[in-house]
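One structure is given below, encoded as structure tokens.
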Amino acid sequence: MPMTGPVLTRRIPTFPYGNPRDRRTVWYDDYVKSGGYEALRRSIALEPAAVVDMVKDSSLRGRGGAGFPCGLKWTFLPKNYEGQRYLAVNADESEPGTFKDRLILDYDPHMLLEGIAISCFACRIQTAYIYIRGEYHHQARILERAIAEAYGQGIFGGRGILNGACDFKVDCYLHRGAGAYICGEETGLLESLEGKRGWPRIKPPFPAVKGLFGKPTIINNVETLCCVPFIIEHGVEWFKSLGCASKIGGPPSFGTKLMGVSGHVQRPGVYECDLGIPLRRLVEEYCGGMRGGKRYKAAIAGGVSMGVLGTDQFDAEMDFDIGRKYEVLGLGTACPTIFDEDTDMVMVARNIARFFKNESCGQCTPCREGSGWMYKLLCRMERGEAKLKDIDLLLELAGSMGAMPGTTICGLADGNNWAVRTIVNKFRSEFEARCSPSFVPVTVGVA
Amino acid sequence: MARITINGKPCEFTGAPSILEVALANGLEIPHYCWHEGLSVVASCRICLAEVWAPNPRSGELEPIPRLLPTCQTPCGDGQVVRTDSPKAIANQKAVMEYLLINHPLDCPICDQAGECYLQDYSYEYGRGESRFEEAKIKQPKKDVGPHIYLYSDRCIMCSRCVRFTREVTGTAELCVVGRGSSEQIDLFPGKALDNELSGNVADICPVGALLDKDFLFTQRVWLLTKTPSIDGLTASGDNISIEHNQGRIYRVKPRRNLSVNKWWISDEVRYGWKFIHSDQRLTEPRRLQYGEQVGTNFSAAYDEIDERLAAAREAGAKVAALVSPMLSCEEAYLMARWVRAACGEQSRPIIGVGPVPVNGEDRTFPPGASPADRNAFTIRAEKAPNARGVRRVLKGLNGTEAFEFAKWLEAIKDAEVVLLTGNYPSEWVTKDLAKALSRKCIFLIDTLPNDLTGKANVLLPGATWAEKSGTFENANGLLQAFEQAIPPVEGSRSEGQIFADLLARRAASTNGHGAPRYNAAAVREEMAASLGLMEFIRDVQAPAAGSFIESDMELVEL
Ligand SMILES: Cc1cc2nc3c(=O)[nH]c(=O)nc-3n(C[C@H](O)[C@H](O)[C@H](O)COP(=O)(O)O)c2cc1C
Ligand code: SF4
Ligand code: SF4
Ligand code: FES
């Protein structure tokens, strides 16, 4: 059953359910008037374990990029451990083309705070840190004010949740990043929170066991946490009626998803859709079609790390199976960037490579050196100074880095790898057209 | 016991050591840059990756793990099979080597590290031999980071060992990483300099030629150096060192790993403290006082005079005193005391004391806050003499009672007429009290550097520093450690051990006519055990690990 009305965007007017011009920040009073913090009230009447079970049963998957089952992650926390635990809320949103969390932070900050309060209650977490992207100045100010409101209204603070309706106390702090993409990677984020250089940690130990300041820590994306109150409010079955099951026998993609579309479309922006919506429908129905009536050529699936969908993959369903079905890394943040027929894919590759070479944290040799090399090579290719053999070199370099071949610590290198590799593989002829032959045939005149 | 097979070799292990540690313990090589036994594991250089097959817990059948795993971080699992020589692992090694060199200036001919550089060694062993990098290299600056260290950022491979060292060992955190991606650099924390007491170690742990020792810079190619295992001869730490020298000159001192003493480190004091050995002030000629003025002489004439003066003192029933320097080895202390006693005869016992033991401040343990007993703790000793305990041990073994400490000895020698002193300190050691107490006495002095007494001694003999002889030191923890002679004594000097062996031989020769034997520390230790019952000198003395003596296999040929 597809969604019949807005869920995450209930208070954020969004096409087709509302007019974006009517958007304004929903503060505490309005939030409560429209049913806010009801889910929190309901949660604290339950056993914490029951809340975790509901999230687990809903099959809610992480909205931050990896799509890891949220409830399952929560169960990795050590049992029978009474000490300090942390929740790190990932609001670093630095993936190029991704701006879905910003919509929530801009207009409905209490939805996030409610999600945080419920999750902390369920997982017995005493302290939550919201790690917000450095460039989100405005959003940081909104959150500061919303957190102050929440403390004032007894959501957080020393009296216990909801002014002492429950003994459990939760504290919530905002922490601003300093402009590094890598601090969105969960362990890079923890290092940064601890005041260190954002160098992702080697795993194991996993954060759920030894995370922030060495204590058990859960890291979740903003949107993931925002789904939690709705699951409590409307129930597991309702949530599972949204989105879609896997068509290839994998784990399901239930729920709605904020999809931030950018690029060559008529009406870029964030839309809320069922998971599984074909990209073509998203572009044609929600975004008003391609800009200037041009033809679709390619799309970045969900943040540049995921690689591109080819010209023949416009009908790809936007769900967590997309990776296995369409030769991209995954759904990522489900924020596609659409390219029309005029786009120079070599330039796209070069531009993406530039991002990764700037953002590599520089720990792992293959990512640090490989990202710089690929960028320089792509620049040369774009200028038309490369040879055909350089394309193979480029593919080899890309393939040599990533947490999946195991040659790097974190997934940033995989993103670089997939972005470059999928563009070259799916648009190889454009690259070949820019390169000169590796061998110049020499003819010897035989009299 | 649990078992893991690494590159075809079955290795046993207990607990959960990393694959790399087990491989190294079994004599297998796995290339590694960022991993260092004394530092935390970051697994960032990615050259140590291996392909691993693990037994399925249910069926027991070996199944491949789809990703390459860092052997420095991954703990061993029972029954696993590890290969760093599989096609995938080799492809990664080649890729990492190529990556590390794309922005490297390849200036080995003018780099101090050449010859002991892991980039060179691994390039040869695991690299691809050519680079496909055609773009412009990133150029990075050379930086003066501290009193002892230069940083050639160009050659740095960002293994972060140096940064971890300043955080985890010294706790001073002067170094940090700045920038991102391939333009990342090691740099000083703003407002700081790399000037901690252990700073020289960063040049040792840097696997490449990025951090270099200013003191050694451009002085010698490392393949010309012979490395002799030795023990710190300046403080009571007993730090294991390697003295690296060529043609009788020391060029540098480096730590030798010893987990029960200095771990992997030495202090800058020990690293650079050897300079006095090659001081042009060194005493190189025996001298004697003639009509109130010192004149040069030779050893045998000097020995004659000593013997005569002592014989005369014995006739006259005059008292003889001897001061055994804590800079001497146990063997030398033994020979010295034995000879003095023999020279004084049965009737009159010499007054033997231990020379002054310099102390500077307090012991300092690193990392700050650690207890000296901690696994990774490193202690700088306040006591600046290598063998006070050993000298006391030997003198007690010989006399049956504790020897005089310096202050007591000074009081005890009031009416002594002949005094034999040994010095061998790297700096001035003769106190005003000592000089006063010795006025109008007959002085025999064996020393290495000029001081208040060298011009006044009736007989002055040039001694040799610890690097120029072998022996045993007992460190602050009571550990007896033997060291080897690195270089010959500077021309004209003789080790104290040899001097007393000579003097003892002269006494024996008057009865049986044998010539002077060469001083041999091991033989003296056996003698101490046999004649004094000091069995620890054959039982407990730690010899340098096998393989720690490395002779240069290069010869300098003048064309
Ligand atoms: C290089 C890199 C950057 C990332 N950046 C973000 C980010 O900006 N925001 C985010 O929510 N997750 C980001 N992630 C994903 C997080 O590591 C992590 O999977 C996520 O926060 C978990 O939350 P979720 O399970 O709720 O999705 C990034 C991952 C990588 C490898
Ligand atoms: S893969 Fe890249 S970004 Fe991730 S830890 Fe390694 S160097 Fe840093
Ligand atoms: S300077 Fe040397 S030790 Fe420090 S990071 Fe670079 S290569 Fe490693
Ligand atoms: S030694 Fe294992 S990654 Fe560096």
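A few points about this structure:
- In this structure the protein assembly as shown gives 40 Å² per residue of accessible area when probed at 1.4 Å with all protein chains present.
- Distance between the modelled labels on B:Ser439 and A:His138, one decimal in nanometres: 9.1 nm (7 Å Cα→Cβ projection).
- Under 5 Å, built H, 5+ apart or other chain: amide partners of B:Ile352: B:Ala322, B:Phe404
- Karplus (6.51, -1.76, 1.60) ³J(HN,Hα), θ = phi - 60°, over region B:175-182, in Hz, Gly and Pro reported as x: 9, 8, 9, 10, x, 9, x, 6
- Summing both sides, the accessible surface hidden between B and A at a 1.4 Å probe radius is close to 2900 Å².
- When the solvent-accessible area of region A:99-222 is split by element, carbon and sulfur atoms take up 51 percent of it, the probe being 1.4 Å.
- With R₀ set to 30 Å, the beta-carbon distance separating B:Gln247 from A:Glu396 gives a calculated FRET efficiency near 0.05.
- Kirkwood radius and radius of gyration were both taken over the C-alpha atoms of region A:353-447, and their ratio Rg/Rh is 1.12.
- The three principal axes of the Cα atoms in the protein assembly as shown give end-to-end lengths of 122, 101, 56 Å, sorted in falling order.
- Computed over chain B, the per-residue total of -39500 (n - 2.57) for DSSP H runs of n ≥ 4 gives a 222 nm mean residue ellipticity of -7500 deg cm²/dmol, rounded to 500.
- Taken one residue at a time, the phi angles of region B:447-459 give Karplus couplings (6.51, -1.76, 1.60, θ = phi - 60°) of 8, 10, 10, x, 7, 3, 9, 4, x, 9, 5, 5, 9 Hz. Gly and Pro are set to x.
- Mean separation of Cα contacts under 8 Å, 6 or more apart, over the residue count of region A:20-241: relative contact order %: 29
- DSSP bridge orientation in chain B - percent antiparallel, rounded to nearest 5: 70
- Cα-based Kirkwood hydrodynamic radius, region A:20-241, one decimal, Å: 17.3
- The modelled label-to-label distance for the pair B:Ala546/B:Asp107, using points 7 Å beyond Cα in the direction of Cβ, is 4.2 nm.
- Of all DSSP-defined beta bridges confined to the protein assembly as shown, some 60% are antiparallel rather than parallel.
- For B:Arg375, the solvent-accessible surface with a 1.4 Å probe is about 150 Å², rounded to the nearest 10.
- Cα gyration tensor category, rounded, prolate or oblate, for region A:12-68 with a/c compared to 1.5: oblate
- Cα-projected label distance for B:Asp78 with B:Arg507, points at 7 Å along beta-carbon direction, nm: 6.5
- Chain A - percent relative contact order, Cα under 8 Å, separation 6 or more: 15
- Surface calculation, 1.4 Å probe, protein heavy atoms: A:Ile130 sits at approximately 0 Å² accessible.
- Between the amide H of A:Leu309 and those of A:Ala299, A:Ile300, A:Ala301, distances stay under 5 Å, these residues lying 5 or more places away or on another chain, with hydrogens modeled in the peptide plane.
- Carbon + sulfur, % of accessible area of chain B - ligands and nucleic acids excluded, 1.4 Å: 50
- As a fraction of the 1.4 Å probe accessible area of region A:244-340, surface on carbon and sulfur atoms comes out at 49 percent.
- Sparsely packed chymotrypsin sites (Phe, Trp or Tyr not before Pro) within region B:211-309, loop by DSSP, other Cβ within 10 Å at most 11: B:Phe218, B:Tyr291
- A loss of 30 Å² or more of accessible area (1.4 Å probe, protein heavy atoms, ligands and nucleic acids excluded) relative to the isolated chain is seen in these residues of region A:357-378: A:Gln363, A:Thr365, A:Pro366, A:Arg368, A:Glu369, A:Trp373, A:Lys376.
- Whole-Hz couplings from phi, Karplus 6.51/-1.76/1.60, listed for region B:544-552; x for Gly and Pro: x, 4, 4, x, 8, 8, 10, 8, 5
- Loop GluC sites (Glu not before Pro), region A:1-102, which have at most 14 other Cβ atoms in a 10 Å radius of their Cβ (DSSP): A:Glu82
- The tail of the calculated P(r) for chain B, taken as Cα-Cα distances beyond 34 Å, holds 49 percent of the pairs.
- Prolate/oblate/rounded call for region B:2-96, Cα gyration tensor, a/c under 1.5 rounded: oblate
- Along its principal axes, region A:19-151 has C-alpha extents of 47, 35, 28 angstrom, given from the largest down.
- Nonlocal amide H pairs with A:Gly263, under 5 Å, H built at 1.01 Å: A:Ile338
- Loop sites in region B:439-522: GluC sites (Glu not before Pro), DSSP, at most 16 other Cβ within 10 Å: B:Glu491
- Computed [θ] at 222 nm, deg cm²/dmol, chain A (DSSP H ≥ 4; -39,500 (n - 2.57); rounded to nearest 500): -11000 deg cm²/dmol
- Taking A:Thr224, A:Thr333, A:Thr343 as the candidate residues, the one with maximal mean-square fluctuation in a Gaussian network model of chain A, Cα springs under 10 Å, is A:Thr343.
- Cα gyration tensor shape for region A:244-340, rounded if a/c is under 1.5, else prolate or oblate: prolate
- Residues of region B:128-163 that bury at least 50 Å² of accessible area once all protein chains are present, compared with their chain alone (1.4 Å probe, heavy atoms only, ligands and nucleic acids left out), are B:Arg132, B:Glu134, B:Glu135.
The values are calculated or read from the model by the stated rules, or taken from the named source; none is laboratory data. Being a predicted model, the structure only gives us computed values, none of them experimental. Heads up, the Cβs are rebuilt from the backbone with ideal geometry, glycines too, and the neighbour counts pull from every protein chain shown. To get the accessible areas, we keep the full protein, side chains included, count just its heavy atoms, and leave off ligands, DNA and RNA. Shrake-Rupley method; radii C 1.70, N 1.55, O 1.52, S 1.80 Å.
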